[in-house]
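The values are calculated or read from the model by the stated rules, or taken from the named source; none is laboratory data. All figures in this text were calculated on a predicted structure; none of them were measured in a lab. Ideal geometry is used to build each Cβ from the backbone, glycine not excepted, and the neighbour counts take in all protein chains shown. Ligands, DNA and RNA are excluded from the accessible area calculation, which covers all protein heavy atoms including side chains. Shrake-Rupley method; radii C 1.70, N 1.55, O 1.52, S 1.80 Å.
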Amino acid sequence: MSFGPFLLLAVMESLVTAATLALTAVGLSLVFGTMRVVNVAHGEFFMLGAVLAWFVTTSVGGPEWIGFVAALALAPLGVAAVAALADRLVLKRLNYEPEATIVATIGLLYILQQAALTFYGPEARPVEPPFNFRIQFPWFGYSGYKLFVIFAAIAVLLAVWWGLTRSKAGLIMRATQVDRDTARAFGINVDRVYAGVFALGAALAAIAAVLIVPIQQAHYLMGGEPLLLAFITVIVGGLGSLRGTVIAALVIGLSDGLIAFFYSPTLAKILATLLVALVLVFRPQGLFGAKA
Amino acid sequence: MKVWIAHLAVLAALAVLLAVLPAYHATNLARILTLAVFATGYNLAFGYTGLLSLGHALFFAAGVYGAALPVTYWGLSPLPAIALGCLAGGGMAAMVGLLALRTAGVSFMIVTLMFAQAGYLTLLYFGQITGGDEGLVMPDATALIPGLSPDTARAVIAFALFALALVLSLAVIRSRLGRVMVAMRENEERSRMLGYNPFTVKLTALVLSGLFAGAAGAGYALLFGYAGASFATIQYSILPMLYVLMGGAGTTLGPLLGTAAMFYLVDGAARITTATLLVVGVALVLLILFAPKGILGTLRERGARWIP
Amino acid sequence: MKKDLLVPSRRSVLKGMGAGLAASAFPGYTWAQSAPIKLGFQLHRTGIGAAYGRWYERTAQAALKVVNDAGGIGGRPVEILFEDDATDPKRGAEVVEKLANDGCDLIFGPLFSHVVIGSAPRAGELKIPYLVCSEGYHVASGMLNRWTLQPGITDVRSQVSSMAPWVAANLGKKVTMVYPDYAFGYDHRDFFTEAIKAQGGEVIAQIAIPPTETTFTRYLPQIPAETEVLYHVMVGPAVLTFVKELGDFYGSGARPQIFGFIDSLEAVDTASPGLEFLEGTYFWEAMNRVKQDGQTEAETAYRAAVGVDDTGASVTDAADVSTYSHMFSVWETLHTIKAGMEAAGYQSTADRQKFVEALEAMTTMAEGPGNPQGDKVFNGKTHQVFGHQNISQVTGGKLLRVHRTSIEDGQYADAVDYTTMSF
């Protein structure tokens, strides 16, 4: 295949990666930005979203799209509930100490993995896409659902952005982020904000997972990769900067896809990893973060 | 002086245990001691200097391969190979530290993680040499120390490594360097104003930590006969952190205690349930909720202030 | 496996039949007096191998029941101790020690190569027979030791080589290979490239995919347009994605013949959504998961015993698809253990060496209840067994056999003679 069509394919693929990565990373970034919690279990929330999507779509009858819409509504809610519970039972009691929360979320990671393995099983299981529509280019075919994923992710991101900047809840959240003691002094229920943010962050990961699960399958170990990528994205984008996170997701999605064309893929991964590491070394505040 | 006597007593007790325990349990103890060397090194960087690294798997793997490659391809004998592995771990830590220590906090954590990930992929990329994911089989353990049975040789080497690591870490902690390391952890700005260069101090701590990790990796590969890329996965960065946090960060014997506790937790969980991950997960959450300073750290807080 | 959660059971002893029950059912049986034979099973219960491990455990339980119902081994009842190795080489070595310490007569069952290679040195040092069900080329390559054998499944080198004649004769001679960028993939790459060359064909492109990859579309443009046969083998949870994306990529346009290893779809339903495009493509199968016409009596019994229906899924849950082309190795290994122990007059752990020597002396294994996959040739020098392989075509969503290789198709020159090594 010549370079032109390849570029088209690579760009479309990268956009799908970037779209779901942006959702996952924004969730992580919100939690880190507001609560200063490094949530190692974020990838497991992603996995849980995919697994719940499988349960929902297999138990809802009728056309595929009904099951999918139900999963899109229910899976994030379920994951958000688990996250809120984890916040109340564990993180709050740790007073959100950074090191303590890392250990606690590692513990949570194991618990969620075991739960998935026990109740869902070790297999990778597919979920029906809401529609099967393939676009046939002259050089190759492409899944129409993948393009839908891109637009759906953009819509969710816009909604999050609107919620954070225009709604009262967003204002309260940002106030808590800037200074939690002052926020408390102004009568903001910080505990509730934290539980809400943690749940929202997890729900965003779950939405990303529901969108991706018709393309990739639900599997109990699927959380590792998105966790790693989301972390990198958040740091490169600058901690707590939503705009930076989204742009970083684009950059990372594209670079990963394009470097692979020129080098052996494993070598490409090595180079991409080192490249991002060096960006962080020489610009530790990230591409868009203010100097910490 | 009292502190030294206490630590020598612990070492003596370990030596006795290694000698009298049945082979199976002695071998497990040798495993624990070797991994405790790794944890003790991690403790120097994390517990004392406050460097939260997620890249120690790279230093451990540098030790594994620093020893395994010369043994496999040049027939080097095991003891010098362990020394080489130790240096490889330290050298790798120096290279990573020179770059990564320009960052701090979460960025440091991520940068070290990414270097380790690149290292893991590199081991896979050169799979023809390293054995990649499948790994390499090391020469059998009768070659460890000529004339000694494998079990004895394993016990002797594991004990020697751990004894050296413990004594060295105690010496560092009680030296001027050790006090500066703690000062760095507690308040970097203040120690800078007192005339210490934070970069040099942290780099020294990280390299020391890497030497320990390298020695542990080399020892582990040779004592238990296997070198593979799986030793460079993120799991091996998380393990020493868990060992240290469980035993007590910033305590000299915490890493050993934590390593042993985690080993028997995983081992024991398998005897009561198939849901082993659940047991480990719940144990971690309970630990951090009710003993956030780890076993020894919590004891120290609750009044046993003499715990070093 | 819901019921297993927190139930204090797995490690506890599993007997196909309690001694008391046996004694009452068969008056005159004297099991109560003879100590059971204890077999250790290194099980991938958690970790990346869990989907295989689950079926390996079920197959082991089923084989255990059959062996015990038929009088055990040498008249003694048999029990299996299962221990999870987390599909990790470090834990694998610890599990070998633990099972040996628990008094197991031997250890068997691991699949993943890195676990085998990480554990075999410990088994060798502890002088305990270690029978792997791994299909890796690590045994016959000479990398391991006198105590490690693979009597239950043909290795990758042999499987791959035996495919080449049929592929070259029926599908095409210009092959593009897609395989994972690590050792398992390299075995495919090296041995298939060599074997197809011997058939007058050639591999025109080799596309290695890094193990961390979860999406594959961007690798597909590297498939040269003149490719006649696309050879794919992928493992791990992302395999289904690969096959689906391949379908999207070729779509309704022209596509080469597609030949894959069933590893790409083990534990996955071939009728899954998105896999429609597999219709008409070919797969290697060690054992046909879909019941074929003329299924042997032994296989019918095996299928019933392990609880697999005619389509290859669990009889209790149609969504739970078996790892049919691998798990038979556990069944056959247990039966070979029985044959070996009885031939060696095995009494206690002191006879472990005699047991290994008895296995090394084996040459052929006849098709039958103990070897439902088919007859086999065992090479005592390389510790490796060789059997027939199958090529199936997806027809109406089902895998139907179109070719069965001869054992000779997969044989190669010995690379090692373990019998000259000391115990």
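Could you please tell me which pairs satisfy a Cβ distance under 6 Å, a separation of 6+ or placement on different chains, a first residue in the range C:224-239 that is within 12 Å of chain A (Cβ to nearest Cβ), and a second residue that is assigned to a loop (DSSP other than H, G, I, E, B) and of a type in the set (Ser, Thr, Tyr)?
Pairs found: C:238/C:214.
If you go through the range A:84-111, how many residues are without any contact (Cβ under 8 Å) to a residue 24 or more places away in the chain and of a type outside the set (Ser, Thr, Tyr)?
Qualifying residue count for the region: 13.
One line per residue, one yes/no per condition, for (1) in a helix (DSSP H, G or I); (2) of a type in the set (Lys, Arg); (3) under 21 Å from residue A:39 (Cα atoms):
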site	(1), (2), (3)
A:115	yes, no, yes
A:146	yes, yes, no
A:153	yes, no, no
A:191	yes, no, yes
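Inspect all residues belonging to the range B:291-299 and state whether any of them is charged (D, E, K, R), closer than 18 Å to residue A:114 by Cβ and open to solvent by 70 Å² or more (accessible area, probe 1.4 Å).
no
Could you give every pair whose Cβ atoms fall below 8 Å, whose first residue belongs to the range B:20-31 and is under 13 Å from residue B:260 (Cα atoms) and more than 8 Å from every other protein chain (Cβ to nearest Cβ), and whose second residue is open to solvent by less than 20 Å² (accessible area, probe 1.4 Å) and of a type outside the set (A, V, I, L, M), counting only separations of at least 6 or pairs across chains?
Once the first residue is under 13 Å from residue B:260 (Cα atoms) and more than 8 Å from every other protein chain (Cβ to nearest Cβ) and sits in the range B:20-31, its partners that are open to solvent by less than 20 Å² (accessible area, probe 1.4 Å) and of a type outside the set (A, V, I, L, M) give B:30/B:154.
Just to be sure, is residue C:149 more than 11 Å from every other protein chain (Cβ to nearest Cβ) and either closer than 19 Å to residue B:140 by Cβ or hydrophobic (A, V, I, L, M, F, W, C) (or both)?
Yes: the conditions hold for residue C:149.
Specify the residue that is nearest to the chain's Cα centre (by Cα); the eligible residues are those in the range B:124-144 that are open to solvent by 30 Å² or more (accessible area, probe 1.4 Å), hydrophobic (A, V, I, L, M, F, W, C) and within 14 Å of residue B:227 (Cβ to Cβ).
B:137
Quickly run through the range B:248-260 and pick out the residues that are open to solvent by 30 Å² or more (accessible area, probe 1.4 Å) and within 14 Å of chain A (Cβ to nearest Cβ).
Listed by number, the list holds a single entry, B:249.
Would you be able to tell me the number of residues in the range C:374-410 that are in contact with a strand residue (DSSP E or B) (Cβ under 7 Å, 6 or more places away or on another chain), outside any strand (DSSP E or B) and surrounded by fewer than 16 Cβ atoms within 10 Å (Cβ to Cβ)?
Number satisfying all stated conditions: 1.
Would you mind listing the helices (runs of 4 or more DSSP H) fully within the range C:49-160 where at least 3 residues are over 29 Å from residue B:25 (Cα atoms) and in contact with a helix residue (DSSP H, G or I) (Cβ under 9 Å, 6 or more places away or on another chain)?
C:50-69
So which of B:191, B:237, B:209 is within 29 Å of residue A:229 (Cβ to Cβ), of a type in the set (Gly, Ala, Ser) and at pLDDT below 95?
B:237
Being in contact (Cβ under 8 Å) with a residue 60 or more places away in the chain and either within 11 Å of chain A (Cβ to nearest Cβ) or open to solvent by less than 10 Å² (accessible area, probe 1.4 Å) (or both), is that true of even one residue in the range C:291-301?
No; the residues of the range C:291-301 include none that is in contact (Cβ under 8 Å) with a residue 60 or more places away in the chain and either within 11 Å of chain A (Cβ to nearest Cβ) or open to solvent by less than 10 Å² (accessible area, probe 1.4 Å) (or both).
What is the residue count in the range B:271-290 for residues that are over 21 Å from residue C:83 (Cα atoms) and crowded, with 19+ Cβ neighbours inside 10 Å?
4
When you scan the range B:17-37, do you find a residue that is crowded, with 24+ Cβ neighbours inside 10 Å, in a helix (DSSP H, G or I) and among the small types (Gly, Ala, Ser), even just one?
yes
Just to be sure, is residue B:162 of a type in the set (Phe, Trp, Tyr), within 19 Å of residue B:59 (Cα to Cα) and part of a helix (DSSP H, G or I)?
yes
Given the structure, is residue B:120 aromatic (Phe, Trp, Tyr), within 14 Å of another protein chain (Cβ to nearest Cβ) and buried (at least 23 other Cβ atoms within 10 Å of the Cβ)?
yes
Check off (1) under 12 Å from residue A:41 (Cβ atoms); (2) open to solvent by 50 Å² or more (accessible area, probe 1.4 Å) for residue A:99 and give me the number that stays unchecked.
Unmet condition: (1).
Here is a yes/no grid of residues against (1) of a type in the set (Val, Ile, Thr); (2) open to solvent by less than 50 Å² (accessible area, probe 1.4 Å):
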site	(1), (2)
C:206	no, no
C:224	no, yes
C:229	yes, yes
C:249	no, yes
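On the given criteria, is residue C:120 open to solvent by less than 20 Å² (accessible area, probe 1.4 Å), of a type in the set (A, V, I, L, M, F, W, C) and at the interface with another protein chain (Cβ under 10 Å from one of its Cβ atoms)?
Criteria met by residue C:120.
Any idea which of (1) in a loop (DSSP other than H, G, I, E, B); (2) within 14 Å of chain C (Cβ to nearest Cβ) is the one residue B:128 doesn't satisfy?
(1)
So, in the range B:87-106, how many residues would count as being within 17 Å of residue A:274 (Cβ to Cβ), open to solvent by 10 Å² or more (accessible area, probe 1.4 Å) and either touching a Lys or Arg at 6+ places or on another chain (Cβ under 8 Å) or not aliphatic (A, V, I, L, M) (or both)?
So the count comes out to 2.
Starting from residues that are in contact with a helix residue (DSSP H, G or I) (Cβ under 6 Å, 6 or more places away or on another chain) and free of Cβ contacts under 8 Å to residues at least 24 places away in the same chain, keep the ones in the range A:173-215 and report whichever is nearest to the other protein chains (Cβ to nearest Cβ).
A:180
Given the criteria assigned by TED's automatic domain parsing to the domain that holds residue C:260, touching a residue at least 24 places away in the same chain (Cβ under 8 Å), farther than 30 Å from residue A:12 by Cβ and not hydroxyl-bearing (Ser, Thr, Tyr), does residue C:195 qualify?
yes
Restricting the range B:195-240 to residues that are hydroxyl-bearing (Ser, Thr, Tyr) and not in a helix (DSSP H, G or I), which is nearest to residue C:87 (Cα to Cα)?
B:233
If you check A:79, A:51, A:31, A:37, which single one turns out to be within 20 Å of the chain's Cα centre (by Cα) and outside any helix (DSSP H, G or I)?
A:37
Report yes if residue B:113 is in a helix (DSSP H, G or I), among the hydrophobic types (A, V, I, L, M, F, W, C) and within 7 Å of another protein chain (Cβ to nearest Cβ), otherwise no.
So residue B:113 fails the test.
List the pairs whose first member sits in the range B:274-285 and is more than 7 Å from every other protein chain (Cβ to nearest Cβ), whose second member is part of a helix (DSSP H, G or I), and whose Cβ atoms are under 6 Å apart, counting only residues at least 6 apart or on separate chains?
B:279/B:269; B:283/B:265
Being within 9 Å of chain C (Cβ to nearest Cβ) and among the small types (Gly, Ala, Ser) is the filter; apply it to the range A:126-146 and report the residue that is farthest from residue C:253 (Cα to Cα).
Checking each candidate, the answer is A:143.
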